[in-house]
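The values are calculated or read from the model by the stated rules, or taken from the named source; none is laboratory data. Only a predicted model underlies this, so the values are computations on that prediction, with no experimental measurement involved. Cβ coordinates were reconstructed from backbone atoms using ideal geometry, including for glycine residues, and neighbour counts include every protein chain displayed.
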Amino acid sequence: MEAQYERFDSGTIGPVDASRVPRFAGIATFARLPRLEEVPRADIAVVGIRGPLFNRRDLRDDQRLGFAIISANEIEEEGIASAISRMHARVGNRPVYLSVDIDVLDPAHAPGTGTPEAGGLSSRELLRLLREFSKLNLIGADLVEVAPPYDHAQLTGIAAAHVIFEIISAMAVTIVK
């Protein structure tokens, strides 16, 4: 089964040291998808990356694995419509699994995460992107990295609730189709 995996995150996937990361934990899952026999063609797109690259190899490895990358800077420069167009072109009618790491949002919108990174998407931008998944064949999704102990004003919890609402709404439309 060909599948499209969309990941909204602040960081690159880069190389994964299997001895230091559980087999299917967090970002390690996405780094391993192209190598799994059960997933003959895992197209992966990472949306919203930004922040420091610790090694030039990070982006090269992602590109070598065939990941499409739409950075937060590209979204700012080209606009949401361009990112949406790129997502639609890559996905087509194939099944899509969506993973949203809450740190794709700027810490002003979601401070309650273990890895806040300045320069992220606004809540409005992310919700607009997520609404587009109702036009795709969304078959599953997750939301990760919400850390309530760091969420002093419940901003992250509110954003996370809206993210989940948009995902469930998009999946409901997919089921009705």
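Just to be sure I understand, how many residues within the stretch 68-82 are of a type outside the set (D, E, K, R) and under 12 Å from ARG50 (Cα atoms)? Write out each step before concluding.
Here is the first cut: in the stretch 68-82, the residues of a type outside the set (D, E, K, R) are 68-73, 75, 79-82.
Now narrow it down to the ones that are under 12 Å from ARG50 (Cα atoms): 69-73, 75.
So the count comes out to 6.
Among the residues of the stretch 165-175, is there at least one that is under 21 Å from ARG50 (Cβ atoms) and crowded, with 17+ Cβ neighbours inside 10 Å? Full working, then the answer.
Pass one, the stretch 165-175, residues under 21 Å from ARG50 (Cβ atoms): none.
For the stretch 165-175, residues under 21 Å from ARG50 (Cβ atoms) and crowded, with 17+ Cβ neighbours inside 10 Å: absent.
Going through the stretch 154-173 one residue at a time, which ones are modelled with pLDDT of 95 or more and not β-branched (Val, Ile, Thr)?
GLN154, LEU155, GLY157, ALA159, ALA160, ALA161, HIS162, PHE165, GLU166, SER169
Would a scan of the stretch 86-104 turn up a residue that is part of a helix (DSSP H, G or I) and surrounded by fewer than 16 Cβ atoms within 10 Å (Cβ to Cβ)? Don't jump to the end; show me each part of the working.
Our first condition is that a residue be part of a helix (DSSP H, G or I); within the stretch 86-104, this holds for 86-91, 102-104.
Add one more test, that the residue is surrounded by fewer than 16 Cβ atoms within 10 Å (Cβ to Cβ), and what stays is 88-89.
Looking through the stretch 86-104, at least one residue is part of a helix (DSSP H, G or I) and surrounded by fewer than 16 Cβ atoms within 10 Å (Cβ to Cβ).
Consider the stretch 131-160. How many of its residues are under 25 Å from ALA83 (Cα atoms) and of a type in the set (Ser, Thr, Tyr)?
The qualifying residues number 2.
How many of the residues in the stretch 105-153 are surrounded by fewer than 21 Cβ atoms within 10 Å (Cβ to Cβ), at pLDDT 95 or above, under 18 Å from GLU78 (Cα atoms) and of a type outside the set (D, E, K, R)?
3
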